[in-house]
Amino acid sequence: MNSDPWWSVPFAGGLAVTLMLAFAGAGLFLRGSVWQALAVGQWAALGGVVAATVTLPVVPVAVSLAGAVMILLHRIRDRERWPLALFLAGLALVTLLSANLPQANLAAARWAEGQVYFLDRELLWTIVSVTVASLLLAPLLVRIWLSAQASPDVGLRSTHRGGFVVLEAAWWVGVLVLGTAALGLPAALAALLLPAWGAASVARGLSGFLALSLLLGTTVFMLGWFSALHLDQPFAPVFVTWALIIAAVPRATLFLVDSWKSNGSRKRQIDQRTGDRRS
């Protein structure tokens, strides 16, 4: 008899995939490849909707479509307009399927709202496997990101050999697909983009930036998990709301500190000028 509480599997899987997305988001920030994440995530969701509609395995279909988009984007020099166009195309296809097929409509709702509370053991073990692989690949991925940041005009294909390119691209696709399948597309994109955005404003050094990104991602997941449960709301929109709030806190704090320092400096200058005039 299984004595584990019902929430242990969803909680473990959701937290693990959130941490992977936060780590991947730090890499996106170092690379400056946000648009690619939007396109790949949207086509992963499209693959999940198609698979659910025609009763095929969800993860392989989502990985296939997302991987195809990733390959296409690596062969295109325009890193902003083409990803945005592919994102919009994927969104339009999901909308068309949802409007014309009832099964697609249900699947699209699941991928949008987030079904982390219904995450099963099969998906959990897939997430655990990718998490272990991520821990092993982390030093290599960080070196790749730093090299790409140091030489942004060289390009991914010229920066590293083909094996590293394929390995990194496969890891990106796997993390995005699992994040979208577990958390829903909006929450997956929020976990990917917002913790790193918040951490970048206050972190000092690469290690601090990565650690703070993971900490903010963990905080967002915990708040989103308990809030959505308590309020009986879909997980994804609650997660996105908390991600926006938590990511804004470091930036707001930095803004207030800079404003206080600036006001203090101006006050000292005024006092000094006043004292000079009196003397």
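The values are calculated or read from the model by the stated rules, or taken from the named source; none is laboratory data. Here the structure is a predicted model, which is why all the values come from computation and not from measurement. In this analysis, Cβ positions are derived from the backbone assuming ideal geometry, glycine residues included, and neighbour counts consider all displayed protein chains.
Could you please let me know if Arg81 is at pLDDT below 85, on the phi < 0 side of the Ramachandran plot and charged (D, E, K, R)?
yes
If you check Phe118 against the conditions, is it under 30 Å from Ala12 (Cα atoms), surrounded by 20 or more Cβ atoms within 10 Å (Cβ to Cβ) and of a type in the set (Phe, Trp, Tyr)?
no
If Pro10 satisfies all but one of (1) assigned to a helix (DSSP H, G or I); (2) surrounded by fewer than 19 Cβ atoms within 10 Å (Cβ to Cβ), what's the number of the condition it fails?
Condition (2) is where Pro10 drops out.
Go over the candidates Ala191, Ala89, Ala107, Ala187 one by one and state the one that is over 17 Å from Leu21 (Cα atoms) and modelled with pLDDT of 90 or more.
Result of the check over Ala191, Ala89, Ala107, Ala187: Ala89.
Any residue at all in segment 251-259 that is over 24 Å from Leu91 (Cβ atoms), in contact (Cβ under 8 Å) with a residue 40 or more places away in the chain, among the β-branched types (Val, Ile, Thr) and in contact with a helix residue (DSSP H, G or I) (Cβ under 9 Å, 6 or more places away or on another chain)?
no
I want to confirm something. Restricting to segment 110-131 and keeping residues that are of a type in the set (A, V, I, L, M) and within 18 Å of the chain's Cα centre (by Cα), which single residue is modelled with the lowest pLDDT?
Ala112
Would you confirm whether or not segment 247-256 contains a residue that is modelled with pLDDT under 75, more than 30 Å from Ala188 (Cα to Cα) and surrounded by 10 or more Cβ atoms within 10 Å (Cβ to Cβ)?
No, because not a single residue in segment 247-256 is modelled with pLDDT under 75, more than 30 Å from Ala188 (Cα to Cα) and surrounded by 10 or more Cβ atoms within 10 Å (Cβ to Cβ).
For segment 144-158, check the following and say yes or no: at least one residue is over 21 Å from Ala51 (Cα atoms), under 20 Å from the mean Cα position of the chain (by Cα) and at pLDDT 85 or above.
No, there is no match, as no residue in segment 144-158 is over 21 Å from Ala51 (Cα atoms), under 20 Å from the mean Cα position of the chain (by Cα) and at pLDDT 85 or above.
Within segment 219-246, track down each residue that is closer than 18 Å to Ala109 by Cα, within 18 Å of the chain's Cα centre (by Cα) and crowded, with 19+ Cβ neighbours inside 10 Å.
If the condition is that a residue be closer than 18 Å to Ala109 by Cα, within 18 Å of the chain's Cα centre (by Cα) and crowded, with 19+ Cβ neighbours inside 10 Å, then Phe235, Ala236, Val238, Phe239, Val240 are the ones that fit.
Here are some residues: Ser129, Ser147, Ser134. Which one is part of a helix (DSSP H, G or I) and closer than 30 Å to Gln233 by Cβ?
That would be Ser134, the only listed residue that is part of a helix (DSSP H, G or I) and closer than 30 Å to Gln233 by Cβ.
For segment 197-214: of the residues being farther than 12 Å from Met20 by Cα and under 14 Å from the mean Cα position of the chain (by Cα), which is surrounded by the fewest Cβ atoms within 10 Å (Cβ to Cβ)?
So, considering only residues that are farther than 12 Å from Met20 by Cα and under 14 Å from the mean Cα position of the chain (by Cα), the one surrounded by the fewest Cβ atoms within 10 Å (Cβ to Cβ) is Trp197.
Taking the stated definitions as given, is Gln36 surrounded by 22 or more Cβ atoms within 10 Å (Cβ to Cβ), in contact with a Lys or Arg (Cβ under 9 Å, 6 or more places away or on another chain) and in a helix (DSSP H, G or I)?
Yes, satisfied.
Can Ala26 be described as part of a helix (DSSP H, G or I) and at pLDDT 85 or above?
Yes.
Scan (1) surrounded by fewer than 19 Cβ atoms within 10 Å (Cβ to Cβ); (2) under 12 Å from Ala181 (Cα atoms) for the single condition Gly48 breaks and write down its number.
So Gly48 meets the others, but not (1).
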